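Visitor: Dropping the structure in here first, questions after.
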Amino acid sequence: MRARVWGCRGSLATPGAATVRYGGNTSCVEVRPPDGSLIVLDAGTGIRSLGLALAGTPVHEVDLLLTHMHLDHIEGLGFFTPLFDPDCTLRIWGPSPNGTTLRQHIATYLSPPYFPVPFEQIPARITFNEVWDDAWELDGLRIATTPVSHPGRTVGYRISQNGTSIAFIPDNEPALDHESGLAVAADVDLLFHDAQYTDAEYRTRVGWGHTSLADLTNYLAAAAPRRALMFHHDPAHTDEQLEQMLDDARRGFDSGELSLAHEGLEIELP
Ligand SMILES: [Zn+2]
Ligand SMILES: [Zn+2]
């Protein structure tokens, strides 16, 4: 399996000179199993670049796995070129928001006045599958979801095949629930995890749904991934601040490999 980061910023896209190294696009990761099928985790602004990169190699099936409905995780969807290919089937998986369906929420966002094209006129065939605490087979992959600690209904994902596994938990507040997401994160080869705040910042942001560095290192000790990537970088953090945060986090996690997710990062798992 191969994973590529197209966006790893949290909360709001943050382009500019201070974010060049790690990138300003919001949450989007491409996962490719050996058979070449296309799995996309979240549809933040990074998904636009993924769609452009697919030009010339048309895809007929895409599985889009959404963690939750906050805008930083869906705001790029209308700019994902396969949406405008009538030969493409886009299967969207995700939790239903409170009080509505997954389909209603996405169709509302991808319609006037938020978006110029009415949802019914989008050329691709789009299907919806609501997930919560589930596991299923998808093209030879095993996918599992579990609810995580975050405002609104939010899940984390685990994708595994032949003993290789990736977990994706971009938004999580383990300080409020130490077990949050461990059902999918435990013992994975590669974990993408929320690392939004320094410990000092977190003190005034309890309940906002994110992870401090101290909580991250405790969480990694419990999950024991072979490799972890700090994800969902705060819009206020410059490249230099992120590197300082990595240094601080590494002091608390020495049993595996820890680094910062950055746009363009590609990881091949055996
Ligand atoms: Zn987010
Ligand atoms: Zn969120």
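The values are calculated or read from the model by the stated rules, or taken from the named source; none is laboratory data. Bear in mind the structure is a predicted one, so any value in this text is a computation, not a measurement. Here Cβ is always computed from backbone atoms with ideal geometry, including for glycine, and neighbour counts include all displayed protein chains.
Visitor: Every residue in segment 182-217 that is buried (at least 24 other Cβ atoms within 10 Å of the Cβ), closer than 24 Å to residue 135 by Cβ and in contact (Cβ under 8 Å) with a residue 40 or more places away in the chain, please.
Guide: 184, 185, 192, 194
Visitor: Could you grab the pairs with beta carbons closer than 7 Å, sequence gap of 6+ or different chains, first residue in segment 51-70 and free of Cβ contacts under 8 Å to residues at least 60 places away in the same chain, second one outside any strand (DSSP E or B) and within 16 Å of ligand 1 (Cβ to nearest atom)?
Guide: These pairs meet every condition: 64/43; 66/42; 66/43; 66/73; 66/74.
Visitor: Taking the residues in segment 103-131 that are outside any loop (DSSP other than H, G, I, E, B) and in contact with a Pro (Cβ under 7 Å, 6 or more places away or on another chain) as candidates, determine which candidate is nearest to residue 154 (Cα to Cα).
Guide: The qualifying residue nearest to residue 154 (Cα to Cα) is 130.
Visitor: Six or more apart or on different chains, Cβ under 6 Å: which pairs go from a residue in segment 1-24 that's of a type in the set (Lys, Arg) to one that's within 16 Å of ligand 2 (Cβ to nearest atom) and in a strand (DSSP E or B)? Could you list them?
Guide: Cβ pairs passing all conditions: 9/26; 9/233.
Visitor: Of the residues 220, 260, 246, only one is of a type outside the set (Ser, Thr, Tyr), more than 16 Å from ligand 1 (Cβ to nearest atom), in contact with a helix residue (DSSP H, G or I) (Cβ under 6 Å, 6 or more places away or on another chain) and at pLDDT 95 or above; which?
Guide: 260
Visitor: If I go through segment 1-46 residue by residue, how many of them are within 16 Å of ligand 2 (Cβ to nearest atom) and either among the acidic types (Asp, Glu) or surrounded by 18 or more Cβ atoms within 10 Å (Cβ to Cβ) (or both)?
Guide: Qualifying residue count for the region: 18.
Visitor: If you go through segment 1-37, how many residues are under 18 Å from residue 68 (Cα atoms) and aromatic (Phe, Trp, Tyr)?
Guide: Summing the residues that are under 18 Å from residue 68 (Cα atoms) and aromatic (Phe, Trp, Tyr) in segment 1-37 gives 1.
Visitor: When you look at residue 102, is it of a type in the set (A, V, I, L, M) and surrounded by 19 or more Cβ atoms within 10 Å (Cβ to Cβ), yes or no?
Guide: When the stated conditions are applied, residue 102 passes them.
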